Amino acid sequence: MEYAIRAEGLVKDFKETKALDGVGLQVPPGTVLGLLGPNGAGKTTAVRILATLLVPDGGRAEVGGHDVVREAGLVRSMIGLTGQYAAVDENLTGTENLLMIGRLLGMSRGEARARAAELLDRFRLTEAGGRAAKTFSGGMRRRLDLAASLVGRPRILFLDEPTTGLDPHSRGEVWDMMRTLVAEGMTALLTTQYLDEADRLADDIVVIDRGKVIAEGTPDQLKSQVGGQVLELRPARSADLAAAHGLVAAEAGPQSKIEGDLITAPVGDPELMPAVVRKLDQAGIAVGELTLRRSSLDEVFMVLTGHRAEPGGTGGATRSEDADGDADEGETYAEAGTLS
């Protein structure tokens, strides 16, 4: 089978830190791979190797059928990259940013202007195209950055935490645009710590931690294999919350917890719900809500890594080096510009 992105045994060391320790992944054309992991797990390092910004210390990778080290120029001609921080020039207008990239890619002035107008229209930025990018909202700036990564009509797109720091409405807009691009045949590798984002957009997911792949599969497969089901109970009377939690904990174990006015517990035994219902009835505790649901990706992530994801944990703060030894991505992507 031909893969748009394929990596085998990637290794990368930063001084005393092993950022990647044998990472492998495969992405079929026209699909989205979600690359998940805690801060410092090695996600950005993997993206930078695949985008030819770093050379691996071991292993190999191909993008679009070309080796990322030996054929870096060919790889760059077919990819787009959007990092955690918008890499647009804030003093230029939206139109000027896209024109500049088009000209750098060798387009004629007319071609660059036509492509800029097309992308501004597509990303609903035409009216703002004549304004300096520094006047754009966070969502508009992110849309401009995504448009910039598409100037060269790339076949493969790398999205490194593309919605970090955005409000829910702006995140939804970016999701819609990404769905459209993939429906048109684009292949995407998405890193994110918003697990609902991966759940909604990714066809397959690879979870890495401490530079190693610790799980992979579709979102549904990971939920079934790792997470199982979750019982949710909301007593009719808030005064019964503590007593109800005690009854659930006696049946489900210490992993049961209270979240607001809701009690949750992992279901390892199909007899758990009937047992809880009997205990509640015996105790005279009225039930407002009692359901079984599949585990969320956030709960799967918790089981796999030992803690919850940290959405936007690196957004909004400049850092010179993160836990996996990466230099500040904002500087790296801004210096590299848009690869396409």
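The values are calculated or read from the model by the stated rules, or taken from the named source; none is laboratory data. Being a predicted model, the structure only gives us computed values, none of them experimental. All Cβ positions, even for glycine, are placed from backbone atoms using ideal geometry, and neighbour counts span all protein chains on display. Just the protein is used for accessible areas: all its heavy atoms, side chains included, with ligands, DNA and RNA removed. Shrake-Rupley method; radii C 1.70, N 1.55, O 1.52, S 1.80 Å.
A few remarks follow.
- Selection within the stretch 211-228: residues that are of a type in the set (D, E, K, R) and modelled with pLDDT under 90. The member of this set that is most open to solvent (accessible area, probe 1.4 Å) is 220.
- Search result, residues across the stretch 262-289 that are open to solvent by 80 Å² or more (accessible area, probe 1.4 Å) and under 18 Å from residue 240 (Cα atoms): 278, 281, 282
- Pairing residues of the stretch 60-82 that are part of a strand (DSSP E or B) with residues that are open to solvent by 20 Å² or more (accessible area, probe 1.4 Å) and aliphatic (A, V, I, L, M), at Cβ distances under 6 Å and at least 6 apart in sequence or on separate chains, gives 66/74.
- Given (1) of a type in the set (A, V, I, L, M); (2) modelled with pLDDT of 95 or more; (3) open to solvent by 70 Å² or more (accessible area, probe 1.4 Å), index of the condition residue 183 fails: (2)
- Within the stretch 140-175, the residues that satisfy the criterion of being assigned to a helix (DSSP H, G or I) and in contact with a Lys or Arg (Cβ under 8 Å, 6 or more places away or on another chain) are 143, 147, 170, 173, 174, 175.
- Evaluation of residue 248 against the conditions (1) outside any strand (DSSP E or B); (2) hydrophobic (A, V, I, L, M, F, W, C); (3) open to solvent by 30 Å² or more (accessible area, probe 1.4 Å) shows that the sole unmet condition is (3).
- Residue count for the stretch 68-112, restricted to those that are more than 17 Å from residue 154 (Cα to Cα) and either in contact with a Ser or Thr (Cβ under 6 Å, 6 or more places away or on another chain) or not hydrophobic (A, V, I, L, M, F, W, C) (or both): 14
- Only listed residue being open to solvent by 20 Å² or more (accessible area, probe 1.4 Å) and either touching a strand residue (DSSP E or B) at 6+ places or on another chain (Cβ under 6 Å) or modelled with pLDDT of 95 or more (or both), chosen from 124, 141, 131: 131
- Residue match in the stretch 146-156 (condition: at pLDDT 90 or above, of a type in the set (D, E, K, R), closer than 25 Å to residue 28 by Cα and out of contact with any strand residue (DSSP E or B) (no Cβ under 7 Å at 6 or more places or on another chain)): yes
- Residues that are over 20 Å from residue 63 (Cβ atoms) and part of a helix (DSSP H, G or I), drawn from the stretch 176-207: 176, 177, 179, 180, 183, 195, 196, 197, 198, 199, 200
- Residue match in the stretch 230-237 (condition: assigned to a loop (DSSP other than H, G, I, E, B), of a type outside the set (A, V, I, L, M) and at pLDDT below 90): no
- Any chance residue 95 is in contact (Cβ under 8 Å) with a residue 12 or more places away in the chain, among the polar types (S, T, N, Q), open to solvent by 30 Å² or more (accessible area, probe 1.4 Å) and assigned to a helix (DSSP H, G or I): yes
- Single residue of the stretch 186-210 satisfying the filter (of a type in the set (A, V, I, L, M) and more than 30 Å from residue 123 (Cβ to Cβ)) that is surrounded by the fewest Cβ atoms within 10 Å (Cβ to Cβ): 207
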